[in-house]
Amino acid sequence: MRETGEWKFFSIKVWIVLFLTGFLLIYRQAYSKVSGPCSDCHTMHYSQGGQISATWEAGGPFKALLIGDCVFCHTGTNDGMNKTPYVYSDSEPIYNFGGKRNTLAGGNFYWVTLNNNYGHNVAGIANL
């Protein structure tokens, strides 16, 4: 098969489309809603500069090279401005239907601290 100028142009276009498609697929998988330095949440050897930070959760290292378990980063009050979805609150969440509320549709693990029968217990929250 002889390569003509037209065939070369077609071949280059195909490679460009394949490259861009692959790049976009990989980029989409790496996309995250959280912004900031990776070291805010991740660590390679559960240490930074040879030390364990006082702000990290004790008992590491954790899965996915995190500085704490899931609840460690997802504890707080949803105020509509936070980028991290909080699924565990230190105080009773507000379920003000039709008005201002500070919980997500999936609920809040706060209730499990009262008794394991109040919900699905993850990461031993009832023992906190």
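On the Cα set of the range 35-127, report Rg and Dmax in Å, please.
Gyration radius and largest Cα-Cα distance of the range 35-127: 15.3, 50 Å.
Ranked by Cβ crowding within 10 angstrom, fewest neighbours first, how are Phe72, Phe19 ordered? Numbers along the way, then the final one.
Working: Phe72 16, Phe19 10.
Neighbour counts put them in this order, fewest first: Phe19, Phe72.
With the crude spin-label approximation of a point 7 Å out along Cα→Cβ, what separation in nm comes out for Arg101 versus Leu20?
4.3
Fully extended, how many nm does the chain gain between Thr55 and His42 (0.36 nm per residue separation, minus their Cα-Cα distance)?
3.4 nm
Determine, for each peptide in 59-67, 90-98, the mean count of other beta carbons within 10 angstrom over its residues, then list the peptides with the highest first.
The densest-packed peptide leads the list: 59-67, 90-98.
Where nothing but the Cβ of Lys and Arg (+1) and of Asp and Glu (-1) is charged, how large is the charge dipole of the range 35-127 around its Cα centre, in debye to the nearest 20?
Dipole magnitude for the range 35-127 comes out near 200 debye.
Values quoted throughout were computed directly from the atomic coordinates according to the rules given, and no laboratory measurement underlies them. Bear in mind the structure is a predicted one, so any value in this text is a computation, not a measurement. Heads up, the Cβs are rebuilt from the backbone with ideal geometry, glycines too, and the neighbour counts pull from every protein chain shown.
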